[in-house]
Amino acid sequence: MVKGLGIWLATGLGLASLGWTGEKDGRLDIYWVDVEGGAATLIVTPAGESVLIDAGNPGYRDPNRIVQVATKEAGLRRIDHLITTHYHRDHFGGAATLATLIPIGTVHDNGVFDGMPDDPGKSYWEFAAQARRVIHAGDKLSLRQRVESPPVSIHCLGTRKQFIKASPDTANCEACAAHRPKDRDGSDNANSVVTLLEFGPFRFYDGGDLTWNQEFRLVCPKNVVGRVDVYQVTHHGLDSSNNPVLLNALQPQVAIMNNGTRKGGQPAAMQVLYSAPGLEDLWQLHFSQLSGQEYTVPGLFIANPVDEVQTSMPIAPLTGRRRDNRCCRNLTAQSASWLAQQAPCRSAVESRCERLAAADGCRRTLPGSCPRRWPSNGKACWRRGSSVQ
Ligand SMILES: [Zn+2]
């Protein structure tokens, strides 16, 4: 049982007043700062140490939002560790400006390596930080522990296409047989740093923008990640990532998508998420126009539901070939019709939505008291930031 876990979804204009975190309350807190289709995930350990995974886009908007969450919501005075998953501007772009706004301790990144497709440039390499180190598969961040709390760790499972090795007694992952490779990805996404946060039995996976074929290599033939509780939807919900083999291996209970209005939430990726075994809830930072009404989650699960008022809700076309879809396969194994295969899944999703919506309920109970639904041990609270309207 994990006592003291907090998860916060940020809105574009800030969070609701959520109180202090870290050593003042002895909790582990994770914040998804809204950087509009980029990444900035802030972890504050029970001992009050902070780890920021990615720093959003260049300019002041994203660094300012990160600082606001870090100082006003989490009560931090510095970022102890910054992990840059890869050298794309929606991940490293805000780092240099951020360093002028709040002190940064150790930067962990891929350094300069052979075949590096993108160079983040002088301002990235030279911004002020206490230390810089190249991160490798198998590295563990050295984190302070709080005596009264369960142990907390952050482990690099892979980076630059190198992944940790499974122990010899690990069985082969059954989901691997369903892998359908995609074209080789020569971008820096494929070099993303993959991290696993553990807090007692709680496990959170952040794969940056790791792409399809590398996701397969991470969990096949042996799943070196294991199951997780929370999955940060890889690559903002693009369908060049989120291989169903990965989702079937990790079996997350909750997924959180750091998408933008027109970035991420692609129908094929949403289909994989909805089909993931054991997934109870998918939360996202913005309503995705790419999802349309066919694939969107209920507004209750969207931190920023209305960015651009649309005259009508688009119904997304059913694009892409069908992925390995356990829900559909189990329910309609004999059916050859794609649409017929979708129907049972859709009704499963709808009944889940009805259950939640039934609670007029949900809106009132989610922010205040501990919902029964997540995580299953009932000890943690999910609070949602105020919406931008
Ligand atoms: Zn990205």
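Just so you know, all these numbers are worked out from the coordinates, no wet-lab data involved. Treat the numbers as computed from the prediction; the structure is a model and nothing was measured. Cβ: placed from backbone, ideal geometry, glycine included. Neighbour counts: every protein chain shown.
Translational diffusion coefficient of segment 149-283 at 20 °C, 1.002 mPa s, Stokes-Einstein with Kirkwood Rh over Cα pairs, in µm²/s as a whole number.
145 µm²/s
What is the projected area of the convex hull of the Cα atoms of segment 208-270, averaged over all directions, in nm²?
Averaged projected area of segment 208-270's Cα convex hull equals 3.8 nm².
In segment 152-166, whose amide N lies under 18 Å from the spot 7 Å out along Cα-to-Cβ of V134? List them in ranges.
Only 156-164 pass the distance filter.
Pairs of Cα atoms under 8 Å, at least six residues apart: use those to get the relative contact order of segment 14-127, whole percent.
The normalised contact order for segment 14-127 reaches 23 percent.
Counting residues in segment 5-324 as N, plug N into 2.2 N^0.38 Å and put the Cα Rg over that result.
0.94
For R89 and K161, compute 0.36 nm times the residue count separating them, minus their Cα-Cα distance, and round to one decimal in nm.
23.9 nm
Nearest-5 percent of antiparallel DSSP beta bridges in segment 5-324?
Bridges in segment 5-324 that DSSP calls antiparallel: roughly 45 percent.
Rank by packing, highest mean first: peptides 49-56, 128-135, with packing defined as the count of other Cβ atoms within 10 Å averaged across residues.
By packing density, highest mean first, the sequence is 49-56, 128-135.
Compare the Cα positions of G105, A55, L76 along the charge dipole of segment 54-128 (+1 at Cβ of Lys, Arg; -1 at Cβ of Asp, Glu; about the Cα centre) and return the one farthest towards the positive end.
So the residue we want is L76.
Extending each Cα 7 Å along its Cβ direction at K72 and R144, get the distance between those two points in nm, one decimal.
In this crude spin-label approximation the distance works out to 2.6 nm.
Suppose a student asked you for the relative contact order of segment 5-324, using Cα pairs under 8 Å spaced at least 6 residues apart; what percent would you report?
12 percent
Could you give log10 I(q)/I(0) at q = 0.09 Å⁻¹ for segment 47-203, computed by the Debye formula over C-alpha point scatterers of equal weight, without solvent?
-0.34
For segment 172-241, which trypsin sites (Lys or Arg not before Pro) are both in a DSSP coil and crowded by at most 11 other Cβ atoms within 10 Å?
Loop-located and lightly packed - R184.
Could you rank the peptides 66-74, 261-269 by their average count of other C-beta atoms within 10 Å per residue, with the highest value first?
261-269, 66-74
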